[in-house]
Structure formats: C-alpha cells, structure tokens
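The values are calculated or read from the model by the stated rules, or taken from the named source; none is laboratory data. Please read all numbers here as calculations on a predicted model, not as lab measurements. Here the Cβ positions follow ideal geometry from the backbone for every residue, glycine too, while neighbour counts run over all protein chains shown.
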Ligand code: ADP
Ligand code: ADP
C-alpha cells in the first residue's frame with residue numbers, strides 16, 4: 001500500500017529531513033511514525049500526499065509510483081488519502097455537516113448520497129447529534145472527531161494523520177487513536193505521526209522510529225512479527 005525505497009529529502013536549506021528511508025506498509029495495517037520534534041515525521045507524510053517531492057529514492061502509494069505522478073494526477077492521488085491534521089483545519093463559518101461534506105462535494109457526489117455518507121461518518125465518530133452545530137461550539141476533542149469524519153467520509157483506502165492528538169489530553173488522545181484503530185480493523189490503511197511514545201506503546205501497534213531523518217527502528221509489538 002505504501003513503499004519507500006531509499007528515500008531522501010533535502011530541503012532548499014541544505015538540510016536532510018529524511019535520509020535513505022526504506023519501509024513497506026501493507027493494506028489494512030495501522031502504523032505509527034514517531035521520533036523527536038524535527039525527526040522528519042511531517043516530511044514523510046508530506047511525501048506520501050505529494051505536498052513535497054523526494055530528492056532521491058522511490059515511493060509507491062496505492063499502486064502509483066509517485067515519481068510518475070504529474071501535476072494533474074496529484075488531485076486524483078489525494079482523493080485516495082484521508083488527511084487529518086493536528087489543528088484539524090475545519091472551516092469555522094460552516095456547520096459540522098458542511099465540513100464533513102466537503103470532500104464529497106469536491107468529488108461531485110449526488111445530494112442524497114452526500115446526506116447518507118456524511119451521517120454515516122458522523123455516526124462512526126459519535127457526533128451524529130451535532131451535525132447542525134458550528135465547530136467553534138464544540139470541544140477540541142469533538143473538533144478533531146469532525147476532522148476525522150471529513151477524512152473518512154469518501155471512504156479512502158488510506159488515512160494519514162499528522163499529530164492528531166497533539167492538542168488533546170491523554171484520555172481523549174486514547175479515544176481518538178482508538179477510532180483510528182477501528183478504521184484499520186476494517187481494512188483501511190492508517191498512518192499516524194505522533195511523538196507520544198507512551199500512547200503508541202499502550203496501543204501495541206507497529207511504529208517506525210525516525211531520528212534526525214534516519215529510520216532507526218521498525219518496532220512491532222510482540223507476537224505480530226511479519
Ligand atoms: P517532525 O514532523 O518530526 O517534527 P519535520 O518533517 O517537520 O519533522 O522536519 C524535519 C526537519 O526538516 C526539521 O529540521 C525541519 O526544521 C526541517 N524542515 C521541515 N520543513 C522544511 C522546509 N519546508 N524547508 C526547510 N526545512 C524544513
Ligand atoms: P505544517 O503544519 O507541518 O507546517 P503546513 O501548514 O506547512 O504544515 O501545510 C503543509 C502543506 O499541506 C501545505 O502546503 C498545504 O497546502 C498542504 N495541504 C493542506 N491540505 C492538504 C490536503 N488535503 N492534501 C494535501 N496537502 C494539503
């Protein structure tokens with residue numbers, strides 16, 4: 001589902017944010033990317049969604065070799081990736097429903113289809129009763145769940161999340177990560193960047209560990225070796 005072959009990323013500043021990183025993630029796996037601040041976690045996610053291009057190496061996402069994806073192919077590739085951000089990036093002047101509906105509107109879905117899918121997504125994150133609310137009236141944890149509903153509403157085969165619990169307390173963080181694990185359990189590939197090692201250990205999932213741009217560990221919970 002995701003393959004990195006000797007991928008390096010050097011920014012214009014000359015800094016190597018990633019150096020010779022190789023790994024493979026199977027369809028339906030839930031995997032964390034962890035490491036200290038500046039280790040290269042965001043860069044790795046940005047290479048997958050083609051926000052950035054690698055300096056060297058090859059990346060395959062959803063069977064597409066990213067080096068062959070041109071400008072016009074980028075939107076298509078991104079439709080296959082549900083993205084969740086730390087600051088959730090909700091539109092504060094639109095209702096919860098309208099925020100979640102956005103990817104379906106962009107994809108040109110029919111109206112009744114949009115209603116059905118948005119409510120199914122809100123149901124999954126436990127916010128069905130809040131569809132008319134405005135994001136500003138929700139708690140931080142609820143706002144993040146709206147962001148997750150928006151990421152899954154078009155049923156992408158893959159979800160990537162950059163520090164999705166960065167602003168949440170430990171209990172809420174565990175709940176949010178539990179949601180991601182549920183999506184993984186139904187066949188969606190889930191890749192989550194998080195510096196929260198304690199949380200990752202508690203969830204018992206595979207973790208790619210970055211240190212100054214190098215992949216220094218590929219931790220798999222016991223009993224789940226490939
Ligand atoms: P993390 O997500 O683990 O905190 P990042 O991928 O954001 O790490 O950053 C890795 C390194 O690359 C850091 O040293 C950061 O300052 C640097 N970096 C990130 N984005 C850019 C950019 N656009 N230009 C130059 N340097 C960058
Ligand atoms: P960071 O918080 O890591 O600094 P930025 O604010 O620099 O991240 O945003 C990273 C990039 O992600 C921006 O260039 C933005 O245009 C891009 N971006 C925003 N939404 C999406 C999306 N849905 N898919 C792909 N890229 C996106």
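The table below lists the values:
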item	result
Residues of the stretch 56-103 classified as assigned to a helix (DSSP H, G or I) and surrounded by fewer than 15 Cβ atoms within 10 Å (Cβ to Cβ), total	9
Single residue of 122, 127, 168, 138 found to be away from ligand 2 (no atom under 16 Å from the Cβ) and either at positive phi or touching a residue at least 40 places away in the same chain (Cβ under 8 Å) (or both)	138
Residues of the stretch 1-10 satisfying the condition of being away from ligand 2 (no atom under 16 Å from the Cβ) and not in a loop (DSSP other than H, G, I, E, B)	3, 4, 5, 6, 7, 8, 10
Residue satisfying condition, being within 12 Å of ligand 2 (Cβ to nearest atom), in a loop (DSSP other than H, G, I, E, B) and buried (at least 17 other Cβ atoms within 10 Å of the Cβ), within set 50, 44	50
Matching residues in the stretch 136-146 - criterion: being within 12 Å of residue 99 (Cβ to Cβ) and not in a helix (DSSP H, G or I)	138
Candidates 133, 154, 149 - the one that is in contact with a helix residue (DSSP H, G or I) (Cβ under 9 Å, 6 or more places away or on another chain) and not in a loop (DSSP other than H, G, I, E, B)	149
Answer from 13, 34 - the residue that is over 14 Å from the mean Cα position of the chain (by Cα) and either at pLDDT 95 or above or more than 14 Å from ligand 2 (Cβ to nearest atom) (or both)	13
